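Worksheet for the structure shown next.
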Amino acid sequence: MWRIFPPILLPIFLAVVDGTIVAAALPAMAGAFGEVERLSWVVASYLLASTVAAPVYGRLGDAFGRRRLLLVALVLFVVASVLCALAQGILSLTAARVLQGFGGGGLMVLSQALLGENVPRRQLGRAQGILAAVIVASSTFGPVAGGVLTQFFGWPSVFLINLPLGAVAMLLVLRLPAHAARGKRGGFDWAGLLLFAGFVVPLLLALEQMQRLDAAMLLGIVASLGVSLPCLVLLLRFERRAAQPLFPLEMLRRPAMWRANAMAACSGALLVSEVTLLPIHLQAVDGASAARIGLLMLPLTATVGMGSLVTGWLVTRTGRLAIFPAIGQTAAALGLLLVAFGHHQVGAALGPWGLPAMLALVAVFQGSAMPVAQVTAQALAPPAMLGAAAASVQLSRSVGSAVGVTLVIGALFAILSQDGATAAVFAQMVQHGPAALAGLPDAIRATTAARIDSGFSVAFIVVAAFAVMNALFAWTLPLRRI
């Protein structure tokens with residue numbers, strides 16, 4: 001385990017942290033470059049490139065060896081990090097982030113596949129539990145590290161920190177045992193890749209635009225979906241006939257496999273929705289400072305990781321698989337409904353710690369799904385398709401996260417926008433805290449506060465729906481034991 005885990009965990013840590021560490025440096029980048037309206041490109045470009053790259057690494061890793069491709073991905077990631085640090089403007093930084101995303105997309109997928117290649121099947125539960133805990137901890141660590149590095153060393157340091165970590169990761173990967181590639185090395189599925197990019201890039205752009213709820217963006221959203229959906233139809237038709245398909249549809253059609261991918265999508269939607277909603281509530285309703293918000297987020301992320309660790313240990317200890325997320329996600333759904341209808345009362349009693357405490361209790365059960373989804377995919381995939389299986393789960397989680405947060409934020413602002421005055425007050429609260437509400441007359445303040453509470457209640461009901469779907473997929477998962 002000591003030989004296998006460090007080379008796998010460090011690349012995953014790099015991939016996850018890089019998706020969050022940049023967020024804390026965005027204000028400093030805005031100060032250095034201006035062009036505030038283009039700052040979102042820095043984040044979106046990495047997400048889009050890494051999502052497109054994931055199935056490519058899965059396919060090539062199966063054909064040419066996963067350890068070799070992981071080294072290629074690490075070199076590309078480190079070189080791109082240097083280019084990011086040297087960027088002189090938003091456009092050059094965005095281009096470097098695209099290149100970095102092409103490297104980062106392989107870190108997660110190939111590490112997951114290498115885990116399935118090197119860890120015995122019965123030990124996969126414990127291994128995936130540890131992996132899920134590392135992913136959640138990395139997500140929490142990223143913004144904190146980004147803030148510290150930016151404050152003391154400037155924004156380029158959030159990219160330069162990847163150099164020593166990447167070098168260590170390469171040395172560790174060389175310690176992994178070399179396995180012969182088992183996949184077929186036929187011609188690469190370029191048509192499938194282009195159709196996949198035509199599907200996923202406009203889709204993610206449309207989902208990002210939907211979160212802003214701006215009527216002016218409606219035409220762009222419709223146009224993006226008008227490109228994405230036909231590409232999806234053509235991709236599915238083409239992949240059925242391709243000699244070396246990018247996506248092995250025969251494997252993905254298996255009942256246990258598509259349910260595992262659906263569980264990964266719902267798990268991504270759950271966690272990303274919660275870590276998006278909670279800071280908004282803490283800032284607007286509780287008036288917490290940025291530093292305190294980081295502290296109040298820790299219980300949620302820590303207990304999700306704890307739930308993943310415990311689930312992985314139970315799977316390894318008992319050999320049972322589906323029962324743990326079936327019970328856990330049912331409990332999480334009930335807990336989220338309690339959050340939806342009781343967050344105001346608990347907040348009044350406990351203050352800013354009320355909502356984080358409730359979500360932390362839910363998250364213990366919520367963490368049960370992701371390790372089981374990964375174990376199921378790796379247990380069902382033949383050795384020659386471990387990379388493809390890992391890529392499908394990673395893609396499902398990414399798309400599920402984007403869809404989930406769009407639906408949840410859309411539900412929140414749909415309730416608030418029913419009254420223009422409430423929406424305007426809430427916008428001020430997000431910027432300046434509850435002081436914007438305190439200045440209103442008593443009767444208007446009470447009505448506005450009630451509407452804002454209703455908005456958060458509806459948003460958490462949507463989050464609970466993801467847990468309900470996760471529970472249904474777990475209860476009907478055909479693979480009950482490994």
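Odds and ends about this structure:
- In region 428-443, the count of residues that are of a type in the set (S, T, N, Q) and more than 27 Å from I8 (Cα to Cα) is one or more.
- Selected residue (only one of V430, V364 is open to solvent by 50 Å² or more (accessible area, probe 1.4 Å), at pLDDT below 80 and aliphatic (A, V, I, L, M)): V430
- Being farther than 28 Å from M306 by Cα, aliphatic (A, V, I, L, M) and assigned to a helix (DSSP H, G or I) is true of L163.
Matching residues to (1) under 15 Å from A262 (Cα atoms); (2) assigned to a helix (DSSP H, G or I); (3) open to solvent by less than 40 Å² (accessible area, probe 1.4 Å); (4) of a type in the set (A, V, I, L, M, F, W, C):
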{"site": "T303", "(1), (2), (3), (4)": "no, yes, yes, no"}
{"site": "W313", "(1), (2), (3), (4)": "no, yes, no, yes"}
{"site": "G328", "(1), (2), (3), (4)": "no, yes, yes, no"}
{"site": "A333", "(1), (2), (3), (4)": "no, yes, yes, yes"}
{"site": "A357", "(1), (2), (3), (4)": "no, yes, no, yes"}
{"site": "A360", "(1), (2), (3), (4)": "no, yes, yes, yes"}
{"site": "V372", "(1), (2), (3), (4)": "yes, yes, yes, yes"}
{"site": "A389", "(1), (2), (3), (4)": "yes, yes, yes, yes"}
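- Figure legend. Inter-residue proximity from region 338-352: first residues more than 14 Å from A284 (Cα to Cα) and open to solvent by 100 Å² or more (accessible area, probe 1.4 Å), second residues of a type in the set (S, T, Y) and at pLDDT 75 or above, beta-carbon distance below 9 Å, spacing 6+ or different chains. Indicated pairs: F341/S457.
- Enumeration of residues in region 72-96 that are farther than 23 Å from R175 by Cα and touching a residue at least 60 places away in the same chain (Cβ under 8 Å): S81, V82, C84, A85, L86, I90, L93
- Qualifying residue in region 270-285 (condition: out of contact with any Leu (no Cβ under 6 Å at 6 or more places or on another chain), more than 30 Å from L437 (Cβ to Cβ), among the hydrophobic types (A, V, I, L, M, F, W, C) and buried (at least 23 other Cβ atoms within 10 Å of the Cβ)): no
- Verdict on M297 being open to solvent by less than 10 Å² (accessible area, probe 1.4 Å) and in a helix (DSSP H, G or I): no
- Hits in region 143-169 - residues which are small (G, A, S) and modelled with pLDDT under 75: G147
- Set L218, L236: member being at pLDDT 80 or above and open to solvent by 50 Å² or more (accessible area, probe 1.4 Å): L236
- Flag for L205 being open to solvent by less than 40 Å² (accessible area, probe 1.4 Å) and aliphatic (A, V, I, L, M): no
- Subset of region 239-261 (residues that are part of a helix (DSSP H, G or I) and open to solvent by 20 Å² or more (accessible area, probe 1.4 Å)): R240, R241, L249, E250, L252, P255, W258, R259
- Of residues in region 117-135 being under 13 Å from I482 (Cα atoms) and open to solvent by 10 Å² or more (accessible area, probe 1.4 Å), the one nearest to the chain's Cα centre (by Cα): R126
- Considering residues of region 315-326 that are open to solvent by less than 10 Å² (accessible area, probe 1.4 Å) and not aliphatic (A, V, I, L, M) only, the residue nearest to R121 (Cα to Cα): G319
- Flag if I461 is assigned to a helix (DSSP H, G or I), farther than 30 Å from N261 by Cβ and either without any contact (Cβ under 8 Å) to a residue 24 or more places away in the chain or touching a helix residue (DSSP H, G or I) at 6+ places or on another chain (Cβ under 7 Å) (or both): no
- Of all the listed residues (A436, A443), the sole one being among the aliphatic types (A, V, I, L, M), surrounded by fewer than 23 Cβ atoms within 10 Å (Cβ to Cβ), at pLDDT below 80 and touching a Phe, Trp or Tyr at 6+ places or on another chain (Cβ under 9 Å) is A436.
- Unmet criterion (only one of (1) within 24 Å of S454 (Cα to Cα); (2) of a type in the set (A, V, I, L, M, F, W, C); (3) modelled with pLDDT under 85) for L298: (1)
- Boolean, L60 is of a type in the set (A, V, I, L, M, F, W, C), over 19 Å from A44 (Cβ atoms) and crowded, with 21+ Cβ neighbours inside 10 Å: yes
- Residue match in region 31-39 (condition: modelled with pLDDT of 75 or more, of a type in the set (A, V, I, L, M, F, W, C), open to solvent by less than 20 Å² (accessible area, probe 1.4 Å) and assigned to a helix (DSSP H, G or I)): no
- Test result for A25, assigned to a helix (DSSP H, G or I), open to solvent by less than 20 Å² (accessible area, probe 1.4 Å) and within 22 Å of G192 (Cβ to Cβ): no
- Taken over region 1-16, the criterion of being in a helix (DSSP H, G or I) and more than 14 Å from L47 (Cβ to Cβ) is satisfied by F5, P6, P7, I8, L9, L10, P11, I12, F13, L14.
- Answer residue from region 79-93, given it is open to solvent by 20 Å² or more (accessible area, probe 1.4 Å) and assigned to a helix (DSSP H, G or I) and is nearest to V201 (Cα to Cα) among those: L91
The values are calculated or read from the model by the stated rules, or taken from the named source; none is laboratory data. It should be emphasised that the depicted structure is a prediction, and the values quoted were computed from it without experimental measurement. All Cβ positions, glycine included, derive from the backbone under ideal geometry; neighbour counts span all protein chains shown. Surface areas here come from the heavy atoms of the whole protein model, side chains and all, with no ligands, DNA or RNA. Shrake-Rupley method; radii C 1.70, N 1.55, O 1.52, S 1.80 Å.
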